[in-house]
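Please read the structure below before turning to the comments.
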Amino acid sequence: MMPAERYELILNAVKRKQFISVDELVFITKSSRTTLRRDINHLTQTGKIKRITGGISIVEPFDKKLPEFPYNRRMNINKQEKISIGKAAQQFINDGDVILVLNGTTTCQVAHQINPEKHLTIITNGIDIVSALSVKPNIEVILLGGLVKYNHSMTIGPSIYNMFDELHPSKFITGAGGITEEKGITMYDYIGTTYFGKITEMIEGMIVVADHSKFGRNVLVQAFPFKSIRKVVTDEKVSEEYINLFKKYDIEYFIA
């Protein structure tokens, strides 16, 4: 394969995933690590990619070329708040935990912030979450199987429901499309919520990570009632109305 062909393969792969490991690139290009190292050096010098521990990532100009999926648009909304929330949520993640983490732009930040020295098992339906954890070798990741929905960066399908009969997470972390007292937690994807009732049967004590913009609005479909929430991590812009609701429902809340 000519160098130009390998460059195209590498760039297409990293644009599609935003981050890709060296092992994945070896498989994709069918080249040696020595050759791949030269290719990465070349593309780095031209400013098309950047090195990150364990692999490579796209540089800023490529961000504008990502598909205009709703998930991609939501990634950068209140991004700094989401990063802060992801850091604050680490207080609930202990060595040895088995945690179900649902897909979402805020839960993805939770995954990014996990200490790589922790030994955990993360069960998720989030494609971006799997990618975020790929540089943390002490974390075992179980991807819930099914149909891949790139527009929401998630997997869905009846096989996920069946997998819950075999898996026993002790903690549950989720984001939200919207949160109100009346509708509880609402989500953007209709089909993706079909197994949420099973989750609430399995795990008590839902941990919700959501920035202030999610409160006081509803999106497409109800996923969980408000009373299911046990802990909330949000930012300092959350309204006083919802602080009062947290107290009313005896929900622990943490301001990032």
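Quick rundown of the values:
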| item | result |
| --- | --- |
| With Cα atoms, 0 to 90° folded angle of helix 3-17 axis to the chain main axis | 0 degrees |
| Tail fraction, Cα-Cα pairs, the chain, threshold 32 Å, whole percent | 25 percent |
| Which of Ser239, Ser31, Ser57 has the fewest Cβ neighbours within 10 Å, and the rest in rising order | Ser239, Ser57, Ser31 |
| Gained length - Arg16 relative to Glu140, 0.36 nm times residue gap less alpha-carbon distance | 42.3 nm |
| The stretch 197-256: GluC sites (Glu not before Pro) in DSSP loop, at most 16 other beta carbons within 10 Å | Glu204, Glu236 |
| Candidates Ser153, Ser32, Ser84, ranked by Gaussian network fluctuation over the chain, Cα under 10 Å, top entry | Ser32 |
| Fully extended contour minus Cα-Cα distance, from Leu167 to Val148, at 0.36 nm per residue | 4.8 nm |
| J(HN,Hα) series, the stretch 152-167, from Karplus relation 6.51 cos²θ - 1.76 cosθ + 1.60, nearest Hz, glycine and proline x | 10, 6, 8, 10, 9, x, x, 5, 5, 4, 5, 4, 5, 6, 10, 9 |
| FRET efficiency estimate (nearest 0.05) - Cβ-Cβ, Lys30 to Phe254, R0 30 angstrom | 0.05 |
| Efficiency of FRET from Cβ geometry, Asn115 and Glu182, R₀ 25 Å, rounded to 0.05 | 0.10 |
| Counting DSSP beta bridges with both ends in the stretch 70-255, the antiparallel % (nearest 5) | 30 percent |
| CD proxy at 222 nm, helix term only [per DSSP H run n ≥ 4: -39500 (n - 2.57); per residue of the chain; nearest 500] | -10000 deg cm²/dmol |
| Of the GluC sites (Glu not before Pro) in the stretch 108-198, those whose Cβ has at most 12 other Cβ within 10 Å and which sit in DSSP loop | Glu117, Glu166, Glu182 |
| Exposed-loop-free span, longest in the chain, where trypsin sites (Lys or Arg not before Pro) count as exposed if DSSP calls them loop and at most 14 other C-beta atoms lie within 10 Å | 66-216 |
| Longest site-free stretch - the chain; sites: chymotrypsin sites (Phe, Trp or Tyr not before Pro), DSSP loop, at most 14 other Cβ within 10 Å | 1-189 |
| Label point distance in nm, Asn244-Thr46, each placed 7 Å from Cα along Cα→Cβ | 6.0 nm |
| Distance from the stretch 95-142 to the stretch 143-167 (C-alpha centre basis), Å | 16 Å |
| Net length gained if the chain between Met2 and Gln80 were fully extended (0.36 nm per residue, minus Cα distance) | 23.9 nm |
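Throughout, read-outs are computed from the coordinates displayed, never taken from laboratory work. Computed from a prediction, not measured in an experiment: that's the story for all the values here. FYI the Cβ positions are ideal-geometry reconstructions off the backbone, even for glycines, and counts take in every protein chain you see.
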